[in-house]
Amino acid sequence: MNQQNLGLATTADLEDLYRFDTPIDACSSYADCSGGELGFCLIKPGEIKDGYCTVKCGETGMCPAGSTCGGTNCLKTCNDDNDCRGEGYACADIGGDNTKECFVSATGTGEVGDPCINRWDCGGGALGGCLFEEADGLWSGGYCTLECTPGPTRSCPGDSRCFDAASPFCVDGCTMQSDCRENYECARLITTAPQGEGQCIPDNI
């Protein structure tokens, strides 16, 4: 398979493409997926569990039966989570077009600030994620978080607060050092938070 030639699908191309309503949608390489030059495997360790066979849909928006175009790639359509592969996946309206698709999701139990290795170790569904430990030790042990919206209305659960970064995310709240994990410190990262309230952040920032 020519991995570099991933052009846009045509109606004829789609006739014999990989069917997303079969259970064989995990993959570790392009060769595991059907679809000829249009099919490929989404691979991102820690984010996409066991890979995800898909097809480029691009501007045409055309996908095989049982799937829909989720931006640039075809995603399996679903009615509920039981239609998806299980851990690491959930049924949600990813594109906001009233069509539900099976895609990566934080399906675990980790709360904001908990350690994580994979996205699916954390909770939060489509908004949940894991800040992976970096080579310099930043985010030691991983850090479960959620996407959020900065502002006066709290969009993070419990005592966590929304950090207004390029991509805003929730950080765990604290009032004393013992509230934070090892390699994290209780510091006043968010200055708009009430006095006496801090956030657990890496101690090597």
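The values are calculated or read from the model by the stated rules, or taken from the named source; none is laboratory data. All figures in this text were calculated on a predicted structure; none of them were measured in a lab. Ideal geometry is used to build each Cβ from the backbone, glycine not excepted, and the neighbour counts take in all protein chains shown.
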Strands (runs of 3 or more DSSP E) wholly inside the range 62-172 that include at least 3 residues being modelled with pLDDT of 90 or more, closer than 18 Å to Cys200 by Cβ and not aromatic (Phe, Trp, Tyr): 128-131, 143-146
Residue check for Thr149: β-branched (Val, Ile, Thr), in contact (Cβ under 8 Å) with a residue 24 or more places away in the chain and touching a Ser or Thr at 6+ places or on another chain (Cβ under 9 Å): no
Odd one out for Gly113, checked against (1) out of contact with any Phe, Trp or Tyr (no Cβ under 7 Å at 6 or more places or on another chain); (2) outside the structural domain of Gln177 (by TED's automatic domain parsing); (3) farther than 30 Å from Cys57 by Cα: (1)
Qualifying residue in the range 188-202 (condition: crowded, with 22+ Cβ neighbours inside 10 Å and within 18 Å of the chain's Cα centre (by Cα)): no
Residue identified as at positive phi and small (Gly, Ala, Ser) among Gly123, Gly95, Gly142, Gly108: Gly142
Counted residues, the range 125-142 - those being touching a residue at least 40 places away in the same chain (Cβ under 8 Å) and farther than 16 Å from Ile48 by Cα: 6
